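The values are calculated or read from the model by the stated rules, or taken from the named source; none is laboratory data. Predicted model only: the values in this text are computed from it and were never measured. Cβ placement follows ideal geometry from the backbone for every residue including glycine, while neighbour counts extend to all protein chains displayed.
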Amino acid sequence: MPKRTNPFQQITASIMATTKGSKYGVRESVLVANDDTGSVRELDIIVYDKQDKEDIILVECRDHSRKQDVQWIDELDGKARSLGIKRVIAVSSSGFYKPAENEAKRRGIETLTIKEAEEKDWREWMFSINEFSLNFEFPNPVPVVKKIEFVTPLGIKQPSFDGATKDNIMIINKCTGKKGPICNLVTSSLNNPETIKAISKQKKDTFSLTVRLDHGDFYAVYKSDSIPIKAVKIYTVLVKDQTFKAPLKHYNVGQKKIHVADFGCVGLNKRVVLEEVKDGTTNVMVEETEPLPKK
């Protein structure tokens, strides 16, 4: 079964990897079987001690508009007990009702709210910056996506999709019902071993790739607009050494202040997480990220 994840879960995993330190490892969307019943459960995130694999923390996420209640705490406690996991962190983007916090405390479950900070708030933080730069040195040329075009059936015009990016255009296979953002298709196509081999032999500073959609009835969708498509053309620039900039998002993580820069917006599978520390410094983690799988 492919990994299933979402942006809030990804951000939570990145923050956990930063705040828990190098002693711990973090994995997303983990399938775990109950030793007694054999039933398989999917866990949002597990945090584990690299030296002691029995030291496991279950982290479950909810990105809902309403605060979380006691029922979710009950469900998490039952899930953890059935798998023999003793430590649990419940993460919500909207917080918890007081009875839920009290019940979680009684059961030894940690509650954590991760909420994007408003500009008027983060502007007063110690590092009130809205952009982060990294200099990358690559042993081989790396493709940075500059343009994406759709190949449509004969007689159908290329869609304009004004204001759209490769993160918010969806690709839907109407035969199977599967869908996902086009950035998934782009990333998986460029990471294909055959593509990587072709890029390594490329002497020009550009590279283009046509991905044909042969198995299904595919549509590109943005908001209420959709268009049938037969293939996707990806145009890239190849770079070795370059400085990339990415916008920062700012999160209140309990009492912590966290900055996150996702370089996926410039074609790189890198994410940077900065944690402000009270002594005037920051903890910085640079991680490899994975694209959202097709659903």
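Worth pointing out:
- The set of residues in segment 102-131 being surrounded by 19 or more Cβ atoms within 10 Å (Cβ to Cβ) and either out of contact with any His (no Cβ under 7 Å at 6 or more places or on another chain) or of a type in the set (Asp, Glu) (or both) consists of Glu103, Ala104, Ile109, Thr111, Leu112, Ile114.
- Qualifying residue in segment 196-209 (condition: under 27 Å from Ala13 (Cβ atoms) and not aromatic (Phe, Trp, Tyr)): yes
- Complete set of residues in segment 68-94 that are over 18 Å from Arg41 (Cβ atoms) and either acidic (Asp, Glu) or surrounded by fewer than 17 Cβ atoms within 10 Å (Cβ to Cβ) (or both): Asp69, Val70, Ser94
- Subset of segment 116-156 (residues that are of a type in the set (Ser, Thr, Tyr) and either on the phi > 0 side of the Ramachandran plot or part of a loop (DSSP other than H, G, I, E, B) (or both)): Ser128, Thr152
- For Leu134, the conditions (1) crowded, with 17+ Cβ neighbours inside 10 Å; (2) aliphatic (A, V, I, L, M); (3) within 16 Å of Arg271 (Cα to Cα) all hold with the exception of (1).
So that you can scan it fast, the table gives a plain yes or no per residue for (1) part of a strand (DSSP E or B); (2) of a type in the set (Gly, Ala, Ser); (3) over 18 Å from Lys20 (Cβ atoms); (4) in the same structural domain as Thr111 (by TED's automatic domain parsing):
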| position | (1), (2), (3), (4) |
| --- | --- |
| Gly264 | no, yes, yes, yes |
| Val272 | yes, no, no, yes |
| Asp279 | no, no, yes, yes |
| Asn283 | yes, no, no, yes |
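- Restricting segment 171-188 to residues that are surrounded by fewer than 16 Cβ atoms within 10 Å (Cβ to Cβ) and free of Cβ contacts under 8 Å to residues at least 60 places away in the same chain, the residue that is farthest from the chain's Cα centre (by Cα) is Cys175.
- Residue selected from segment 31-56 under the condition assigned to a strand (DSSP E or B) and modelled with pLDDT under 85, by the criterion surrounded by the most Cβ atoms within 10 Å (Cβ to Cβ): Val32
- Selection status of Val59, touching an Asp or Glu at 6+ places or on another chain (Cβ under 7 Å), in the same structural domain as Gly254 (by TED's automatic domain parsing), surrounded by 12 or more Cβ atoms within 10 Å (Cβ to Cβ) and not hydroxyl-bearing (Ser, Thr, Tyr): yes
- Within segment 101-115, the set of residues being touching a strand residue (DSSP E or B) at 6+ places or on another chain (Cβ under 6 Å) and not in a helix (DSSP H, G or I) comprises Ile109, Glu110, Thr111, Leu112, Thr113, Ile114, Lys115.
- Residue within segment 103-114 that is of a type in the set (Asp, Glu), modelled with pLDDT of 95 or more and closer than 20 Å to Thr18 by Cα present: yes
- Within segment 59-78, the only residue that satisfies the criterion of being in a loop (DSSP other than H, G, I, E, B), among the acidic types (Asp, Glu) and closer than 22 Å to Ile15 by Cα is Asp63.
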